Structure formats: structure tokens, C-alpha cells
Amino acid sequence: MFLITTAGKVGAETARLLAQRSEPVRVLVRDQGRASALAQAGVEVVQGDLEDPATIDAAMRGVVAVVLVSPAIPRQELNVVSSAVRAGVEHVVKITSDSSVDSAIARRRGQAEIESGLIASGLSYTLLKNNAYMQNFLMQAPVIAATNSFGSSTGNGRIGMIDTRDVAALAAEIAASPAPHKGKTYWPTGPEALSYPDVAAVLSKVLARPITFHPLTFDQQRQAMIDAGLPEHVAEDNAQALSLFARGEADYTTSDVQSILARPARTFEQFAADHADAFS
């Protein structure tokens, strides 16, 4: 049995992929009604809360591997780690990103704390330190559909964005066959590093209409995220991350997807084509 700790983009797709392989897989959710599609796909959906160790322990019964993915809240993920230790879990795949104990970004400090706790637990583990997700652009999709333009404070900074479906495929593969990946850290990316102006050009090609990019200041970026409904602390974190992208922090690519899955990572053009309806 495999346990996925949340049913977000990466967690839900990982669960589906494992189910497609006829692997027994369980996903922990707060609201079972919102995971009906996973249940129909053959995933065991159990109700619980990462704040409640008893519900985690119940979901952990019979589990050999965990895919640990959540909004980087240390208390919650370390509850999962402690439960995995009690249950004698064989391997944990941790979905994470660039992290540092002294980062200006709270999410990255949280990820560093979680990673340290996982490593100190003695559990076998693999860290997937993913670059930025292509799916983040789906938050901009309504604006792009309505105005044929979008803005960001990334400037001309390039990013080796990765499709969350590739992250899920990596997590499923490693969870199912962890031996070659024990104790390893991977830095998954897409096959190319693109700036946001580059993204506008790709969207223009795929959607067959001009899509333009306009730069934003840090304060404009932060306010735009708040206006889109993000809590202020999340908007602050995200705006800080985009400022780092503008300085080239995410301008790198790796061959991790190719080496583990024996196929290329999806391009941004593939992502845009698959989600063209969202941008139209």
C-alpha cells in the first residue's frame, strides 16, 4: 500500500498513476466528497487531517511507501514523518523545492525544516526538489483569456519550469521502485529554461493569437496576487520567489526526468497545448 498525503495537483496525479499500475494506493483528504474522481480511478480515499496524528496513523496502516506532499507546513509534514516511523514505512518520497533555513521566503524555510526532520528520522527517503511548476500559469489563465496579456515581476529571468504531471510520474516511479533512489536528492526541471516573455511567445503560437507580457514591480505583483484571492502571507512569499526568478535563481535545467523515466520531460508548448481551453 502506498500513501499520498494530499490530493492536490501532484498528489492526485501520483495516486492515479499508481492506480493505473495496479498498485494499491491510498490518499488522505479532509473532504472525501472532493476526491470522488480518485475513488472512481481505483484509489482508496480516506478522511483525515495532517493536524491529527491519530488519523494519520489510521491511514498509515499497511503502508510501505509515502509520497509526502503538502503546503510545506512543518508541523503537519513532521506529523506524517513520525507516523511513518511508528508504522515502519520503508521509504518516503518528499515533494519539495529549493530550500534554506535562512531564506527570506517562509515556505522555503519550512521545507528545510521538514527535510531535516525527515533525514534525522532514519527513514529511507528521496527528495524531489522541483523547479517552478508550469501549472502556476493556470492561475493567470482567466486574465490571459480575457485580455490576451499577463504580467509578472520576473522580468527577463529564465526558469526551468516543470509540468506537475512529470513530478507525479517521478514520485510514482520512485515510490514503486525506491531502491536506486534511496538517500538521493533530485532537481527535476523541464527541458528548457524560459522567461515570461518567452512564455508569451509560446502561448501566442499555441493559441494562434498574440499574447503579450508586461513587467510588474514587486508591490504590483504582491497586490495582484492578493486581488486574485491569495492570503497576504502567501502573496508575499510568492512575490519574493518571483523576484529571485528575475535574478536568475531558477535558470537551470537537469536531465532527472529523462534519466528516471526514460523519456523527455514535457515542454511548455506541450503544457500550453494540453490546457489551451483554459487560456481561451
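What number, rounded to the nearest 500 deg cm²/dmol, is the helix-based mean residue ellipticity at 222 nm of the chain, given -39500 (n - 2.57) per DSSP H run of at least four residues and division by all its residues?
The helix contribution divided over the chain gives -13000 deg cm²/dmol.
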(message) Show me, bin by bin at 10 Å from 0, the whole-percent P(r) of the stretch 1-153 based on Cα pairs.
(response) 11, 37, 33, 15, 4, 0
(message) If I fit a long axis through the Cα atoms of helix 196-207 and take the longest principal axis of the Cα atoms of the chain, what angle between them do I get, 0 to 90°, rounded to 10?
(response) 90
(request) Report, in debye and to the nearest 20, how large the dipole of the stretch 45-156 comes out about its Cα centre when Lys and Arg carry +1 and Asp and Glu carry -1 on their Cβ. (result) 180
(request) Take the alpha carbon atoms of the stretch 163-177, find their center, do the same for the stretch 116-135, and report the distance between the two centers in whole angstrom. (result) 13
(message) Can you tell me how the stretch 136-179 classifies by the Cα gyration tensor, rounded, prolate or oblate, using a/c under 1.5 as the rounded cut?
(response) oblate
(message) Using the basic label-point model (7 angstrom from Cα toward the beta carbon), what is the Arg30 to Val101 distance in nanometres?
(response) 3.1
(request) Go through the stretch 195-263 and name the trypsin sites (Lys or Arg not before Pro) that are in a DSSP coil and have 16 or fewer other Cβ atoms within 10 Å of their Cβ. (result) Arg247
(message) Can you compute the charge dipole magnitude of the stretch 147-280 about its Cα centre, using +1 on each Lys and Arg Cβ and -1 on each Asp and Glu Cβ, nothing else charged? Give it in debye, rounded to the nearest 20.
(response) 340
(message) Angle check, please: helix 74-87 long axis (alpha carbons) against the longest principal axis of the chain (alpha carbons), in degrees 0 to 90, nearest 10.
(response) 30
(message) Treating only the Cβ of Lys, Arg, Asp and Glu as charged (+1, +1, -1, -1), what charge dipole size does the chain show about its Cα centre? Round to the nearest 20 debye.
(response) 420
(request) Would you mind computing, in nm to one decimal, how far apart the modelled labels at Lys182 and Gln20 are, each placed 7 Å from Cα along Cα→Cβ? (result) 2.9
(message) Across the stretch 155-280, what fraction of all alpha-carbon pairs, as a whole percent, falls in each successive 5 Å bin from zero upward?
(response) 2, 10, 15, 17, 19, 18, 10, 6, 2, 0
(request) Would you please give the residues with an amide H less than 5 Å from that of Gly151, counting only those at least 5 places away or on a separate chain, with H modeled from the backbone geometry? (result) His214
(request) Can you grab the distance from the C-alpha centre of the stretch 1-62 to the C-alpha centre of the stretch 72-92, Å, no decimals? (result) 15
(message) Among Phe137, Pro210, Leu38, whose Cα projects farthest towards the positive end of the dipole of the chain, with charges put on the beta-carbon of Lys, Arg (+1) and Asp, Glu (-1)?
(response) Leu38
(request) Return the Rg/Rh value of the chain, two decimal places, where both radii are evaluated on C-alpha atoms and Rh is the Kirkwood radius. (result) 0.97
(message) From the phi angles alone, apply the Karplus equation (6.51, -1.76, 1.60; θ = phi - 60°) to the stretch 182-189 and give each ³J(HN,Hα) in whole Hz, x where the residue is Gly or Pro.
(response) 5, x, 9, 10, 10, 10, x, 9
(request) Could you tell me what percent of the DSSP beta bridges with both partners in the stretch 1-124 are antiparallel, to the nearest 5? (result) 0
(request) Relative to the longest principal axis of the C-alpha atoms of the chain, give the angle of the C-alpha long axis of helix 106-120, reported between 0 and 90° and rounded to the nearest 10°. (result) 30
(request) Obtain the nm distance between the two label points defined at Tyr252 and Arg86 by a simple spin-label model: each point lies 7 Å from its Cα along the Cα-to-C-beta direction. (result) 3.8
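Each reported figure results from applying straightforward, stated rules to the coordinates on display, with no laboratory input. Source: prediction; values computed, not measured. Heads up, the Cβs are rebuilt from the backbone with ideal geometry, glycines too, and the neighbour counts pull from every protein chain shown.
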